[in-house]
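Okay, structure first, notes after.
The values are calculated or read from the model by the stated rules, or taken from the named source; none is laboratory data. Quick caveat, the model's predicted, so the values are computed rather than measured. Glycine also receives a Cβ, built like all others from the backbone with ideal geometry; neighbour counts cover every protein chain displayed. Accessible surface areas use protein heavy atoms only, side chains included; no ligands, DNA or RNA. Shrake-Rupley method; radii C 1.70, N 1.55, O 1.52, S 1.80 Å.
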Amino acid sequence: MSMPRDDGSATSWFVKVEGRVYGPYTPAQMRAFVKEGRVAAHSVVSENRESGWRDARAVEQFKGWFDEAREAPGKRRARPAPSDARTANFVIIAHLSRETETGFVAALSEFGDTEEIAPGVWLLRAAATAAILRNELSHLLERDDKLLVVDASRDRTAWFNLGRDADQRIRELWGRPQ
């Protein structure tokens, strides 16, 4: 079991995904995972590999990291954009809870021009990449929310929370030779 440091933060963290335990990770690594969208509010974390599992949103230290990640999509976008972050056309498909949808739509519209073309399906024109959109928007999602981002301009995709089976099927289908 890890011992807390004097500043009250754990010296290591573990993450449980679909029954598998990953870690240990330092607080700096976990903070980066939150920023990247790899750890969401509904992610299950513990300071101990064997017990004490809880949603990251219930851990005070993570609350601060989620606030940092959420507080300014504009601030994060103000950093130099990746070289391939030129204006592109995206299709965003999301299965969202009612609690998530309003904030998600507002955040999506901060990236550029949006048009909802069907329930849970948006077109977006923005200077971004599929990975950037996934990482920025995933912070807003709950445990059962799902997200698929298709960059129609550059033939790229990124997704969040679709599950291992869907992940494998996507990779297999799109990796097949023609």
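Worth pointing out:
- A Förster radius of 35 Å combined with the Cβ-Cβ distance from ARG54 to ARG171 puts the calculated FRET efficiency at roughly 0.65.
- Between THR87 and LYS16, the distance separating the two model label sites (each 7 Å from Cα on the Cα→Cβ line) works out to 4.8 nm.
- Listed by chain and number, the aspartates and glutamates whose alpha-carbon sits under 13 Å from that of LYS16, ignoring those within fewer than 8 places in the same chain, are GLU47, GLU50, ASP55.
- Between 0 and 90 degrees, the angle of helix 98-111 with respect to the longest Cα principal axis of the chain falls at about 60 degrees.
- 0 to 90° range, to nearest 10: angle between helix 27-36 axis and the chain longest Cα axis: 20
- Every helix of 4 or more DSSP H residues in the chain counts as -39500 (n - 2.57), and over all residues that averages to -10500 deg cm²/dmol at 222 nm.
- Segment ASP113-ARG156, length gained on full extension (0.36 nm per residue, minus Cα span): 13.6 nm
- Acute angle (nearest 10 degrees) that the helix 60-71 long axis makes with the longest principal axis of the chain, alpha-carbon atoms: 20
- Solvent-accessible area per residue, Å², over region 27-66 with all protein chains present [probe radius 1.4 Å]: 47
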